[in-house]
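Okay, so here's the structure we're looking at.
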Amino acid sequence: MELRTILLWVFGLSLLGCVGLYAAGQWLGRKENPLWTDAWGTGDSVSSQPLRWLKLRFSAFYLASYASWMKVPLLRHYAGKIRIRLAVIHPYDELELRHQTMKFAYGMMGTFAVAIATLTAMNPDLFFFLSLLIASAVLQGLVLDGYVNRLETKLLERLLDFYGAVRHAYQRHGMVTDAIEEAGETIGVEIGVHAHRICEALEDAAPNEALEKYYETAPSRFLKAFAGISRLVAEYGDRKRAEGSLYLRGISRLTGEVQLELIRKKRLDYLLKGLHIIALLPVFFTKPIEGWARGHFPLMDSFYLSKAGMLIKAALFLAILLSYVLLQKLKSEDESAYRVKSSSRPWEARVYAHEVLHHVCRRFVPSVESLAYHQLSQLLKETNHRLRVEWFQVRRISAFGASLALTLGAFLVFHQLAQQRIMTEPPAVASFFGALPTDVMESGRLVAERDAAVMRELNMSARAGYDEIARSVSAVLANAGNGISHEELSEAARRIRDKLQRWNRENLKWWEVFFALLSGMVGYQLPLWMLKFQRWMRRMDMRHEVYQFLTMIAILRELERISVEEILEWLASYAVIFRMPMQKCLLNYACSPEEALIELKREVVLEEFQRLADKLLLASEKLTVADAFDDLDSDMSYQFERRRLDYEKSLEVKAGWGQIIGFTPMYALVFAYLVVPLIWMSFEQMGLYFEQLQKL
């Protein structure tokens, strides 16, 4: 059965399965959900509102599907990944979270299934089909990231309206909780649910613990900053100064932060708009270009079906995939990158705990007293990674094994495909332009089958001599009842001998093993490089958090009898990136405040944070908190302008790289998939002409 027929059967069965699941969801909803019959009193009233009725049908189907997926390990893992990302937007509505999870899952699976079936029907190639499956596994995560980022941008837009409503309500009431509650009721569901949670935390018997729980699920650092400022003003009261209300000034600073973030997001989206589509376009043009070239230049068949042609196909596909991934990384923003992770045991821990694998992995873990162990441990802490050093080494070993196996497997598959191509390769023709006539193609196929029969009769031996090959050709033709001239016999013997030698050369070479080992070493170092890249990218987020620390301190310094220890407690409860250093400093503060703050400064290498630690050290020894932070307003203005300039530079750099990355697949398609084959064909054709001239 051909690959196209198999794929059509799979696609048809998938559609039937989706229809069956939908019917089952309808039956379950009708049987178990009372909304079908009595949501509006009677069944007739349901039919009078078809849109709402249909919406309820789909909702019941999604909820029933979620319960079914949770029973299947693979589907449960896929739905869990989507749920974790969407929980940032729907943290408190379990039914809506399940509904959105299954809606996105079915949408992604259906879209990718149709795309894979369509592209494979256009190019029925097993290697291409497997490549599409791998690409779909990667792209679905990137699409999910983009979807969540768009929801977060919408959330920021609603947050600006919420700040304005809180300001207006606070100026009327003068009460923090009443202002937040009133603003939440008028602003919409997206922000209203967070406003309600903040009010519940502020009115709780233990507001600090309630706020810490809210910080773990808050989708934006701006909401966390607003909740912290509201808590301070609600507990200690507002302070009226010449500049105005302390609470309103804090909201103004947050409004400026949100506006800056929105401008950056929208401008980046505008600069990178359309580049994702341009990067993916070559996927749809590879087959038409190959078909045009093979239809107009007969020698192109030898190139596209050769090992070099397959390597170029694989490299082009990887370039498209890599370009799309890089563009998505340039565009995406991970607001929840430093949120508290799940406490479930990672797979690296289970591998390291295995009786046999533990002894193997332990050899790759540096000694606890060594500098390498300390540096790796510090790197994991700085990137907020939940893995231990031992577990991280298991991940690196796994990456080494996977890279080595994939590279070796790719080389073995290429050799096998090259051997199959040699067995079915027709004789070279002197035609340069146009498609070959049908009779020429048929005669070439028959000659290739005869050559393959002779090669199998000779047991694929590369030591077969010219006379032995000629006798075998004559015997095969005699059995078929055909004759052959001496010149044709001599040409066939040379051609078959060349095929035998090339067929036997298609085995694993030493340099391929070396390249596979090199690929394994790159895979071993890749997790470490990714951690270092994350630490480099994290610098901007660290500055964000330091700026928010300064905003909190700007409020705390105006409170009477505020101490450094109380400031540290507030910052530790609010911190995300610097939570571990802050908590460690608090534990040591009671013993020796000076040593605790010096250790805090030594542990965090960020310049802005070290200046903050110096001011806290001065406030704990000689000065009051207000005197130590007397230049805070000017410093915050400087930090805001500095970050604005950093944003502009970052946007320019990302726009330049985005254009280069977005158009790279198209350049690779034209140059590597069309220009290079044409140049190769020209040299091959020139060689054939020289051979013909020598025979004259």
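The values are calculated or read from the model by the stated rules, or taken from the named source; none is laboratory data. In this text, all values refer to a predicted model and were calculated from it rather than measured experimentally. Note: ideal-geometry Cβ built from the backbone for every residue, glycine included; neighbour counts use all protein chains shown.
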Residue ID - surrounded by the most Cβ atoms within 10 Å (Cβ to Cβ), chosen from residues in region 658-696 that are closer than 21 Å to Leu330 by Cβ and either among the polar types (S, T, N, Q) or without any contact (Cβ under 8 Å) to a residue 60 or more places away in the chain (or both): Thr664
Helices (runs of 4 or more DSSP H) wholly inside region 176-266 containing at least 2 residues that are assigned by TED's automatic domain parsing to the domain that holds Thr153 and among the basic types (Lys, Arg): 221-236
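Identify all residues within region 629-649 that are free of Cβ contacts under 8 Å to residues at least 12 places away in the same chain and part of a helix (DSSP H, G or I); write none if there are none.
If we filter region 629-649 for residues that are free of Cβ contacts under 8 Å to residues at least 12 places away in the same chain, which is where we start, we get 630-631, 634, 637-638, 641-642, 645, 648-649.
Answer for region 629-649, where residues must be free of Cβ contacts under 8 Å to residues at least 12 places away in the same chain and part of a helix (DSSP H, G or I): Ser634, Ser637, Tyr638, Glu641, Arg642, Leu645, Glu648, Lys649.
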Flag if Val576 is under 34 Å from the mean Cα position of the chain (by Cα), in a helix (DSSP H, G or I) and touching a residue at least 40 places away in the same chain (Cβ under 8 Å): no
Residues that are in contact with a helix residue (DSSP H, G or I) (Cβ under 7 Å, 6 or more places away or on another chain) and in a helix (DSSP H, G or I), drawn from region 369-387: Tyr373, Leu376, Ser377, Leu379, Leu380, Lys381, Glu382
Failed condition for Gly164, given (1) surrounded by fewer than 15 Cβ atoms within 10 Å (Cβ to Cβ); (2) touching a Lys or Arg at 6+ places or on another chain (Cβ under 9 Å); (3) closer than 30 Å to Asp269 by Cβ: (2)
Condition check for Glu608: under 18 Å from Ala575 (Cβ atoms) and touching a residue at least 60 places away in the same chain (Cβ under 8 Å): yes
Pair list, Cβ < 6 Å and 6+ apart or interchain, from region 255-278 residues that are under 15 Å from Arg158 (Cβ atoms) to residues that are among the β-branched types (Val, Ile, Thr): Lys265/Thr153
Tally, over region 173-211, of residues that are of a type in the set (S, T, N, Q) and closer than 17 Å to Ala225 by Cα: 2
In region 361-399, the residues that are of a type in the set (Val, Ile, Thr) and either exposed (fewer than 13 other Cβ atoms within 10 Å of the Cβ) or modelled with pLDDT of 85 or more (or both): Val365, Val368, Val389, Val394, Ile397
Residues of region 245-270 classified as under 33 Å from the mean Cα position of the chain (by Cα) and aromatic (Phe, Trp, Tyr), total: 1
Tally of residues being touching a residue at least 40 places away in the same chain (Cβ under 8 Å) and either surrounded by 19 or more Cβ atoms within 10 Å (Cβ to Cβ) or touching a His at 6+ places or on another chain (Cβ under 6 Å) (or both) across region 58-86: 7
Tally of residues being at pLDDT below 80, part of a helix (DSSP H, G or I) and of a type in the set (A, V, I, L, M, F, W, C) across region 439-464: 2
Cross-chain or 6+ apart pairs with Cβ under 6 Å, region 203-225 first and over 27 Å from Leu260 (Cβ atoms), then in a loop (DSSP other than H, G, I, E, B) and not polar (S, T, N, Q): Ala210/Asp204
Test: Arg602 is under 20 Å from Leu380 (Cβ atoms) and part of a helix (DSSP H, G or I): yes
Residue selected from region 167-190 under the condition modelled with pLDDT under 85 and crowded, with 16+ Cβ neighbours inside 10 Å, by the criterion nearest to the chain's Cα centre (by Cα): Glu190
